[in-house]
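Report on the following structure.
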Amino acid sequence: AKMQHCRPFLVAMRSVLVAISIGCTMGLKDRKSHQADTVPLLQAMRAEHGRAGVLRSGGKGRVVFSMTTTAHRIDHIKPALDAIISGQTRPPDAVYLSIGPEVTVPSWMGSYADNSSDGSRLQILRQSRDPGPGLKLIGAAIEENNAGRGDTVIVYGDDDQVYGSDLLKIHSERAHRDGTGREQAFGARKISAGRPEIPVLEATGSISIRASAVPSAAFKIGSTPDACKFSDDFYFANAFKKAGVELRLLDECAMDWNRMRMPQRCLQRELQAVKTIHPLSSMVLDEDGKESNRKAGDWRSQLARYALCQQALGDSK
């Protein structure tokens, strides 16, 4: 009788030991590949990581973190990556860094492949063209949907933020569908913008949504006018609204607008050195609606850009 009670435990342990054996074998291959070329190594991890994620998720569903960066900023974002890869109470099942074709991957990123033991290895998703900052969402959405993982919760954020240790845990505990089946996206920073105003979640505070709930319009951001291409928060909010996705405040992480900060468990600090490198918040457009520079603007010019995007989409009054 005691053996009967132990049998499920023994079967489970055998599965774990097999998975560990596979992971160790692949780890040896990864280290050999790393000596030749860092980028193919990181891209090749996708298949292996899918297996590791199933074991670690504990049946609570797959949760990934996604961000993008630029050629000027990529060498300075290590603290932001470390906070997600090794600093979460609920480890990610994957960490995606989506980049354009001209971005050079620094050699230090290879250390994430060599040193990871829990499966949450950084995966570089290099795109054939650069659709702009919207890659922070659509890069991961393409990856997860193409793999048939539409239920994956994608948490996406900015490369100049060092997020807190409970961020992924809090996002993962949210029901991204309500009782009626309506899709929901959650974020810590919620504002109103546009004319007429619509609710907007800001990726600076992090946003989460199911992979299959990302509307088709979101993947077209790279083909839109600069007012929309470089206003990804607003453009996605508009696409979510039209697709019926409800935008909800992530209460435990909510931004305190009086003190201008989020709880430490959700956001530790900003990377000021990264934040000042070609910031979108300082972008201004010329008379033709094209990017002019990223020095003269502020939050007011950003809100004006949102209104121009809304006008370009035909949704303004």
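None of the figures in this text is laboratory data; all of them are computed from the coordinates on show. Everything quoted here is computed from the prediction, not taken from an experiment. Heads up, the Cβs are rebuilt from the backbone with ideal geometry, glycines too, and the neighbour counts pull from every protein chain shown.
Could you work out the local net charge near D158, counting Lys and Arg as +1, Asp and Glu as -1, over the other residues with Cβ closer than 12 Å to its Cβ? That works out to -2. The S292 and S212 beta-carbon pair, evaluated with R₀ = 41 Å, returns a calculated FRET efficiency of approximately 0.65.
Qualifying trypsin sites (Lys or Arg not before Pro) in the stretch 126-170, where qualification requires a DSSP coil assignment and no more than 16 other C-beta atoms within 10 Å, comprise R129. When you filter the trypsin sites (Lys or Arg not before Pro) in the stretch 203-308 for DSSP loop state and at most 14 other Cβ atoms inside 10 Å of their Cβ, you are left with R259, K290, K295.
Annotation: extensible slack from H278 through D251 equals 6.6 nm (criterion: 0.36 nm per residue apart, minus Cα-Cα distance). Listed cross-link partners K169/K190; K136/K220; K78/K242; K242/K295; K136/K275 are compared with a 25 Å cut-off, the Cα-Cα value being larger for K78/K242; K242/K295.
With a cut-off of 12 Å between beta carbons, the residues surrounding N145 carry a summed charge of -1, where Lys and Arg count +1 and Asp and Glu -1.
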